[in-house]
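Okay, structure first, notes after.
The values are calculated or read from the model by the stated rules, or taken from the named source; none is laboratory data. As the structure is a computational prediction, the values presented were derived from the model and not from experiment. All Cβ positions, glycine included, derive from the backbone under ideal geometry; neighbour counts span all protein chains shown. Protein only, heavy atoms only, side chains kept; ligands, DNA and RNA dropped before computing areas. Shrake-Rupley method; radii C 1.70, N 1.55, O 1.52, S 1.80 Å.
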Amino acid sequence: GGRVLAAAARRVRLGDDVLDLGAAVEALAAAPGRRVAAAVCRDGAVRLLRVAGCLEQSHELRDPVARPRFGSCGFCADGEQVVGGVSDGGHALYVWEAQGGALLTRLSHDAADARAR
């Protein structure tokens, strides 16, 4: 049978396997048909997790310049990309490669631009 992926405080659990991410988990998403998940943590990072065999962190995803605090995460339908959403003063979506964590694109909508229209 399947195992349940769950989060509480700083920990993510998959069956009997527990991983401490070092910061409170605010959102959790699993890639469809893949052995990868993403967690949005209170420290502002999106963490990619491998769920094959044991549970382990594979990448920490951030914008090194703007350093926004992500509030949501998810995967595209094929599980190849992970998306992190930001809504602090504007709105932005970051899209990373799920396999290696490379930033593919950033889409943004500034709140000031929206008021000017």
*asked:* Taking the full set of protein chains and a 1.4 angstrom probe, give the accessible area of residue 4 in square angstrom, rounded to the nearest 10.
replied: 110
*Using only the Cα atoms of the chain, construct the convex hull and provide its projected area averaged over every direction, in square nanometres to one decimal.*
7.8
*Would you look at the GNM of the chain, springs on alpha carbons closer than 10 Å, and say which of 38, 102, 52 moves the most?*
52
_For the chain: accessible area per residue (Å², 1.4 Å)_ = 56
_Computed [θ] at 222 nm, helices only, for the chain once each DSSP H run of length n ≥ 4 contributes -39500 (n - 2.57)_ = -1000 deg cm²/dmol
*Select from region 28-117 those chymotrypsin sites (Phe, Trp or Tyr not before Pro) which occupy a DSSP coil region and have at most 10 other Cβ atoms within 10 Å, ordered by residue number.*
none
_Using a 1.4 Å probe on the protein heavy atoms, what percent of the accessible area of region 1-79 belongs to carbon and sulfur?_
48
